[in-house]
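Structure first, then comments.
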Amino acid sequence: MCGIVGYVGGGSAKEMILSGLKSLEYRGYDSAGIALIRKGKLLVRKESGKLKALEAKVGGPEFDGPIGIGHTRWATHGAPTRENAHPHQSGDGRIAIVHNGIIENFMELREELTRENEIRFVSETDSEVIAHLISLYYDGDLFDAVRSASRRMRGAYAVAALAESEPDRIIAIRKDAPLIAGVCAEGGLIASDIPALLKYTKDVYFIENNEIVVVTRGGVQIFDEEKTRMNRTRTHIDWDVTAAEKGGYEHFMRKEIFEQPAGIRETLRRRIDDSGHIALDDLEFTKEELDGLERIYIIACGTALHAGLIGKALIEKYARIPCEADLSSEFRYRDPIVNERTLCICISQSGETTDTLEGLREAKRKGAKILSIVNVVGSSVARASDHVFYTWAGPEIAVASTKAYTTQLTSLYLIAMYMGLLRGTTDEAACGRLLGELAEAPAMVEEVLKNEERFIGLAKEHYKKEKIFYVGRGLDVVTAQEASLKLKEITYINSFAIAAGELKHGTIALITKDVLFFALATQAALYEKMISNIEEMKARKAQVVAIAKAGAGRIGEVADDAFFIPECSDEIAPLVSIVPFHLISYHIAKLRGREIDQPRNLAKSVTVE
C-alpha cells in the first residue's frame, strides 16, 4: 500500500522523488518522507499527513542532492506519526531505508536487537528493524548488508536502502511486494508502481522475488540471491502519462467513470477480429484441456470478486464447467479441492493484490493452471500465471474501482464465450447475439452517463440517509453488492446488499421509514418477483428507488422513483446497471464532503494480507 521512489542521477533527487510520490498518492497514505545524500551527508525529512506537509519542510536548496529515496506510508504497525514515518535510520544515522510490506517476525528481531545489541528503537513500526539489521551487517558493502539482512526477515517486503558512505548507489530488494526499476537520461530509478516512473521513462524492469537491484547513475543491475547477474528484458508501458492525470475533472473517480465506454471498447477491440469473431490469441487452451477440467475457481478480492461472481454465472452458462467464485483471503486457508484438472482465474486490477497472489501460489502448488485477468502489464499476478488476459482500462487512480470493474466484466464475457465455443457447449449464433450487444454496451453506458443531472438530483435527495440497502435477484444481486461497496468506500454510509428473496429471512426487521432501498430489476425472468419485493418494502414505509430496463413501466408506479437503463439482455445488464450507482455514490460523497479519490483507511493496491 505504501509508495516507494528512488533516484540516482545528475538531476534533482528531491524533485524526482516528490513527483513520483505524487503519482502514487492514489495508493493512500498518512505520512511521507525523503532521505538524500548531499555532500557526503545523509539527510532525512519526514512528516505525518499529506505530501504538502513534507514539501513545506524540504523547500530550500539545502535539502537536495543527486541520490535519494522517498516513501508514503499507510499505517499498519504504529500510528500515523512523524516518528513512524519512513525513511527509518540506523542508530548511527548513516543508513536509511524505506519499506513496503510487513515483516512478520519483527517483534522477535526487535527483541533480539534490543537485548543483544542494545539498540534503541524510536518508532513502533516493523520497518525500523530493517535499518538496524542492515547496519548490523554493514562492513562497507551495502549490497551484502541488505542481502544478509533479508535472510533474517520473514514476510513481504520491498526495501530500498542508502548508506552515507556509498553516495553513488541505492540497493533494493523485494519479496512478495511490488518493485520496478527504470533508466532515464538523467540516471537510474526505482519505484513501487508504474505511474511514479511514467514522467521519466516508459521502459521498466519488473523485479522478481528475492532479487537485489543496484541503482546507479549509469543504470540498473539486477542480481539473484546468489549474487548472479540477471539479464532482464525491459517492458514497454503503453500508457500516456496524461492518462494518470485528472485532465480537467475534479476527481480521478469522476474521470474514470466517464472513461468506461472507452475502456470497454478497447478491451473488445483487441479481442474481436475483422470478421466479428472472438480472437483470444493471448489464451492457448485446447478443447481437450478445457474438456479435462473438473472445475474452475475464480479468486479475487472486493470489486474484482464481484466481477468474478458474474463471471461464474457466465462460464457455467456458456462453457458448462462447474465454477466457484471465492474470496482470495479465504481461498488458501480452507484447503480447497485443487489439482491438475483445475483452472484458477485470478482477477486483480493492479496485479499486485497480496491475497490474490497467495491464492494463486497455493493453487499452483497443487497443480492448477492459472489464468489471470489484470490491468497492469508485467505485474506480479501476470508474471506468475500460465495465461494472461489484460484489460485495457488504462491507469485507474481512484481507490474506488469503476472502469476496472466494467473492463473485467467485459473480459469475462469474452472468456466465457471463448470457452463455450471451444468446447462446443454454445453455438456461434448465441455468441453472435451476445457479441453484438457487447459492441453496443459502450453506447449504452454513454447514454446512462448523459443522465448525470438525474443522479445528482437523487444524491441531493438522499445524501443525508444513514441506512441504504441494495436488493436484487439473479445477476442483480452481484450488482447490488458492488453498488453497496462503492457507497461504503467513498461516502462511509452504513450500507449492505441482499438478495431480495432473503428479505423475509431477517432483514425485513430493519425496515423503517428512514431506510432507503435501491431495488435492481433488470432480470426479466425475475421481474414480477422484484415487483412483489418492492411492494413488501413499501408496505413497511421504506423509500424505494428502482433501476430497471427501458420498457419496464410498471415498476415506476410501484417504487417512489425509477431510472431506466437502455434495453438490453439480462446478461449484459450488469455492465450497464452498475454505472448509475457509480454516479450516485460519487455525488453523495461529494455532498457529504468526503475525500473521494483517497477514502479514509483505504489504499488502491493492497499489498499486505
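At a glance:
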{"item": "Packing rank of 160-166, 409-415, where each peptide gets the mean count of other beta carbons within 10 Å, highest leading", "result": "409-415, 160-166"}
{"item": "Anchor Lys317: aspartates and glutamates whose Cα lies under 20 Å away (excluding residues fewer than 8 positions away in-chain)", "result": "Glu288, Glu289, Asp291, Glu294, Asp326, Asp427, Glu428, Glu437, Asp476, Asp570, Glu571"}
{"item": "Cβ-derived FRET efficiency at R0 35 Å, His236 paired with Arg365, nearest 0.05", "result": "0.65"}
{"item": "Within the chain, helix-based [θ] at 222 nm, where runs of 4 or more DSSP H residues each add -39,500 (n - 2.57), nearest 500", "result": "-11000 deg cm²/dmol"}
{"item": "Rounded FRET efficiency, nearest 0.05, which uses the C-beta distance separating Lys52 from Ile337 and R0 of 60 Å", "result": "0.70"}
{"item": "Listed peptides 554-565, 421-432 by packing density, highest first (mean Cβ within 10 Å)", "result": "554-565, 421-432"}
{"item": "Ranked packing of 479-488, 102-111, 198-207, most packed first, by mean Cβ within 10 Å", "result": "479-488, 198-207, 102-111"}
{"item": "Net length gained if the chain between Asp139 and Glu62 were fully extended (0.36 nm per residue, minus Cα distance)", "result": "24.8 nm"}
{"item": "Relative contact order (%) - the chain, alpha-carbon pairs under 8 angstrom, separation at least six", "result": "12"}
{"item": "Largest-first principal axis extents, alpha carbons of the stretch 3-243, Å", "result": "51, 43, 33"}
{"item": "Extended-chain gain in nm, criterion 0.36 nm per residue less alpha-carbon gap, Asp560 and Val122", "result": "151.8 nm"}
{"item": "Nearest-0.05 FRET efficiency for Asn210 and Lys529, computed from C-beta distance (R0 45 Å)", "result": "0.25"}
{"item": "Beta bridges per DSSP with both ends in the chain, % antiparallel, nearest 5", "result": "60"}
{"item": "Hypothetical label at Lys317: residues of the stretch 514-544 whose amide nitrogen lies under 17 Å (7 Å Cα-Cβ projection)", "result": "521-528"}
{"item": "Percent of C-alpha pairs per 5 Å bin, the stretch 251-448, short to long", "result": "1, 8, 17, 21, 21, 16, 10, 5, 1, 0"}
{"item": "Diffusion coefficient, µm² s⁻¹, Stokes-Einstein with Kirkwood Rh over alpha-carbon pairs of the stretch 36-116 at 25 °C and 0.890 mPa s", "result": "172"}
{"item": "Rh by Kirkwood over Cα pairs, then Stokes-Einstein D for the chain at 0.692 mPa s and 37 °C, µm²/s", "result": "129"}
{"item": "Contact order normalised by residue count of the stretch 251-448, Cα under 8 Å, 6+ apart, percent", "result": "29"}
{"item": "Links that overshoot a 29 Å alpha carbon limit, given the list Lys57/Lys590; Lys246/Lys467; Lys14/Lys175", "result": "Lys57/Lys590; Lys246/Lys467"}
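The numbers here are math on the coordinates, done by the rules we state, and not lab data. Keep in mind it's a predicted model, so treat the numbers as computed, not measured. Neighbour counts run over all protein chains shown; Cβ positions are idealised from the backbone, glycine included.
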